[in-house]
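Some notes on the structure that comes next.
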Amino acid sequence: MSTLNAPAAPAYATAVDTRNYLKASYGPVSWLLTLDHKRIGVMYLVGISVMFLLGGIFALLVRTTLLFANNAEAVDPLITAELYNRFFTLHGAIMVFIVIIPGIPAALGNFVLPIMLGAKDVAFPRVNLLSFYMWMLGTALALASLFFGAVDTGWTFYTPYSTSENSPSGMILVVTGAFILGFSSVFTGLNFIVTIHQLRRPGQTWFRLPLFLWAIYSTAVIQILATPVLGITLLLLIVEKTMKMGFFNPAYGGDPVLFQHFFWFYSHPAVYIMILPAMGVMSEIISVFSRKHIFGYRFIAWSSVAIALFGFIVWGHHMFTSGQSALMNTIFSALTFSVAVPSAIKVFNWLATMYKGSIALQTPMLYALWFIWIFGIGGLTGLFLGTLATDIHLHDTYFVVAHFHYVMAGTIFVLFGAIHYWWPKMFGRMYDERQGAIASILLFIGFNLTFLPQFVMGSQGMPRRYYSYDEVYQVYHVLSSVGSYVMAAGLLVMGYCLFTSLKRGAKAPDNPWGSNSLEWHTTSPPPLENFNGTPVADDPYDYHNLEWDPQIQGFRSKKPMVTSG
Amino acid sequence: MADAVQTSGASAGHEGPHGHHDPNLAHHFDTMEQQFECGKLGMWLFLATEVLLFGGLFCWYAIWRSNHPEVFVYGAQKLDWKLGGINTIVLLVSSFTMAWAVGCAQRGNRQGLLLGLGITFLGGIGFMGIKSVEYTEKFSHGYYWGGSYNPTHHEEGHAADHADGEHAETADAAHAEAGAADSHGDGHAADSAHGEESVADSAGELAPQEVRPPAALAGLSAERLTELGYEPSKVLLAAEAPGGLAASAPPTSETKLSAEEVRNVHLFFSIYFCMTGLHGIHVLIGMAVIGWLFVRALRGDFGPGYFEPVDLGGLYWHLVDLIWIYLFPLFYLI
Ligand code: HEM
Ligand SMILES: [Cu+2]
């Protein structure tokens, strides 16, 4: 197991523990109490995958209910209206707070961020472990609510539904859970900001950081600035429900619309917490699999920051119909359009990167291409919604549902791409390319089949969150449900592909894709302290230093990137 | 710099033969300075999140105060600014002793460090003690939050007398100015007709200066409104909403209001208990941190080479203090 760069003699000094992080110690306790960012990342990945499956099952239940138009008149419905409401609420809450928000940063970011910096760990390993346990606790509380009066308000917890006398008591558990999840996310962001500021290698300037880190950094800024506001909003919701504070209750002179302001002040930036890390991964994958230097590095880097900042001043676009004054609506609408500019800058830069590149259609790249299509549609339909006149018609219809699934599932697609991309690094095994590609194609077809019809029925007036509906919409609902089954099939194939690779996959070379960021210049999987030597930072998108070596079925660097000792 | 980093990086390896230079240096840092800088930046970011956590409540306060100032003016009369003032001094002193403790830690003065931490801790106890006296007092008058707000009439009168005694001068000035001393100065529960009368009267006095009609008028009949010189169609109903419906005449802090003319007073107590309660929880956390630092200082963990935890704990305590510095005037003084 010699290092990539110094094949003759082991480069590592005697002091360094060279066992890979998976083999450095054994047993459940060595995992549960680990301070190693890589193991914490893997634990997040496992937890998030399990919760994704659960959220997916709720979604399938929702879609299956909606195969039938007249549910309310059914004599003996399998899924009652109450259950239906709980299912879509839990689906949304799990997917947003438990899966997508921590997804890329906490699972994959945790794993690769310190390695990309050439650091041994994040700045605060204990806080990192604490974040993970807060994630577990928050998730456990949210799930426990299932047994104590499950919540049926939708993921947005709008008052007064959520705080009225007869709102379910599970509210308290779910909201407490979301509060704790929020702080888990704050601590992760804080850890990442400090790590990026302080633990860069000498010579690794800001503009030599992989763009993924710029994205994670911008995300962390939003996490730190927005999540505490959600925290206090949720606390107020809890005291409102338990102690009748009256903040959001008109019966006591409070104002329910103010809750919406507070909620969206967090939750609009939160959509960028969800999308920015995905955009960061995109910049890595697109460049590597086009074998071409990323186009417009600085534009992509600064557009992440711009998105993070603009994201704070557009929340009112969720409330165009809430009785907000016309002036406020106009201003929020105009600001909403401005957010689309940095998003578009990124997309154009990726396209320019691919232009005349030698594109390798491996699985991570397939997911990246799907993302461009999916995010393109999702982002452009956001502009329809940001336009006042059209939003009055489209608000709270399936058009909105389709819009946010296109953007958020864009993140999920990139998450899958990222899992495939870093899989060899994390577990030291190659997955089967053919299976991976089949899964990704199934997911792409299934996804579009599920959500394209929703744009159509939404624009024709089908409201969201309805249990029973007019028969004219049934054909779209059936198409949509069939699409969701296709996606489920794709997920099964993907799970099979990844799981079997752990046992049967070929041993992964250090650098299977020919990337130049630092995590590919250490062994697969990396040693406990990430490098058997001191890594030297370079332009992460300069591929001239790499050449394919058929012997190891991977790339090796011509000039060493890790100096010994 | 680069050299220093590389050499220490090599020898600070995990389970390395040389071990760490300093037992307090975590394995993933190269130098003590780097570790210290990380801690500092991390703490500042954490404090930013704390400020934002309170920020939501400050926003709520600002929105409600600008729409319904009368609720706050009335509520403030029920708080005891003397106790609040003493608490402010207690916290300021404890912040000072904390800063002094940090200085002692840096100079390696263990005695001073222990003393400073000890006094700071006592300050925390004092603050919480006074706070609980205040809370008990409010509860005994039925001044609860939101739906639980239930002031007893007897207590009401008592509280008003109490306030009268304290603010004798300012209250008199207000009466003279508003010319409404006769109708609601006594603080006793008035019957509803009388209450309405007094609202209308005082509103009538204030009317010329006001652009928008006061919320208190919302329930009056059209005749009565015309009699008072208002155009009835311009008086909005349901003035409670913050989204721009009528707000009542902004009283100054010297105006004396009674519960009859101020609606939704319970909201004042909701925000009061939420903000001071959340702040109180932070004081308790700060005290736990200081207690932990005290134990470590007893063990002799700190010295000129390693005082990071004291420094960071101090920062946290200053923030808790700072938030109170805002809460005090917002609730008790203005
Ligand atoms: C490209 C720029 C985008 C624009 C202009 C935009 C615009 C909008 C607007 C105006 C709405 C409100 C529609 C309504 O309720 O009537 C909306 C809803 C939503 N958007 Fe976007 N959006 C954009 C990108 C994103 C991204 C990247 C995400 C997430 C990754 C996202 C997630 C959501 C969600 C979750 C909702 C609906 C929340 C709910 O009501 O349950 N959007 N978007
Ligand atoms: Cu939004």
With the dipole of segment A:36-563 defined by +1 on each Lys or Arg Cβ and -1 on each Asp or Glu Cβ, the option from A:TYR473, A:ILE40, A:TRP206 whose Cα lies farthest towards the positive pole is A:TRP206
Largest first and rounded to whole Å, the semi-axes √(5λ) derived from the alpha carbon gyration tensor of segment A:289-347 read 32, 9, 8
Descending packing, highest mean Cβ count within 10 Å first, for A:233-240, B:40-47, A:489-496, A:500-507 is A:233-240, B:40-47, A:489-496, A:500-507
Cα pairs beyond 34 Å in segment A:36-563, in percent, come to 36
Across A:232-245, the residue-averaged tally of Cβ atoms belonging to other chains within 10 Å stands at 5
Output field shielding_mean for B:138-148 (other chain Cβ, 10 Å radius) holds 3
Between the modelled labels at B:TYR135 and A:GLU82 (7 Å from Cα along Cα→Cβ) the distance in nm is 3.7
With a Förster distance of 45 angstrom and the Cβ-Cβ distance between A:VAL46 and B:TYR326, calculated FRET efficiency to the nearest 0.05 equals 0.55
Here segment B:40-49 yields Karplus 3J(HN,Hα) values (6.51, -1.76, 1.60; θ = phi - 60°; whole Hz; Gly and Pro given as x) of 4, 4, x, 5, 4, 5, 4, 4, 4, 5
Expressed in angstrom and rounded, the centroid-to-centroid distance over alpha carbons for segment A:45-110 and segment A:147-172 is 16
Note to self, chain A gives a 222 nm [θ] from helices alone (DSSP H runs n ≥ 4, -39500 (n - 2.57) apiece, / all residues, nearest 500) of -20500 deg cm²/dmol
Phi angles of segment A:113-125, converted by Karplus (6.51 cos²θ - 1.76 cosθ + 1.60, θ = phi - 60°) into ³J(HN,Hα) in whole Hz with x for Gly and Pro, give 4, x, 5, 4, 8, x, 9, 8, 6, 6, 5, 10, x
Taking Cα pairs closer than 8 Å and at least 6 residues apart, the relative contact order of segment A:50-166 in percent is 34
Shape call for segment A:436-534, from the Cα gyration tensor axes a ≥ b ≥ c (a/c under 1.5 means rounded, otherwise prolate when a/b beats b/c, else oblate), comes out prolate
Between the alpha carbon centres of segment B:77-97 and segment A:336-408 the gap in Å comes to 54
Cα-based Rg and Dmax for segment A:380-515, in Å, come out at 18.8, 57
Per residue of B:49-58, other chain Cβ atoms within 10 Å number on average 6
For A:200-213, A:549-562, ranked highest to lowest by mean beta-carbon neighbours within 10 Å, the order is A:200-213, A:549-562
Quick calc, chain A, dipole around Cα centre from Cβ unit charges on Lys, Arg (+) and Asp, Glu (-), nearest 20 debye, gives 1500
Against the 2.2 N^0.38 Å rule of thumb, the C-alpha Rg of segment A:63-207 sits at a ratio of 1.38
Expressed as a percent, the portion of alpha-carbon pairs in segment A:173-315 spaced more than 27 Å apart is 34
Sorted by chain and number, the residues with a modelled amide H under 5 Å from that of A:THR563, at a separation of 5 or more or across chains, are A:THR534, A:VAL536
Rounded to whole angstroms and listed largest first, the alpha-carbon spread of segment A:138-239 along its three principal axes comes to 60, 22, 19
Rounded to the nearest 10 degrees, the helix A:398-427 long axis (Cα) sits at an angle to the longest Cα principal axis of chain A of 20
Here, B:VAL93 and A:HIS393, labelled 7 Å along Cα→Cβ, have an inter-label distance in nm of 7.0
In whole Hz, the Karplus estimates of ³J(HN,Hα) for segment A:177-186 (6.51, -1.76, 1.60; θ = phi - 60°; x where Gly or Pro) are x, 5, 4, 5, 4, x, 6, 4, 5, 4
For A:THR397, the residues 5 or more places away or on another chain with a placed amide H closer than 5 Å to its own amide H are A:ARG464
Of B:138-148, B:67-77, ordering from highest average Cβ density within 10 Å down gives B:67-77, B:138-148
For A:GLY554, other-chain or 5+-apart residues with amide H closer than 5 Å (H placed, Pro excluded) are A:ASP549
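Rule-based calculations on the coordinates, nothing more; no lab input. Remember, predicted model here, so these are calculated numbers, not experimental data. Cβ: placed from backbone, ideal geometry, glycine included. Neighbour counts: every protein chain shown.
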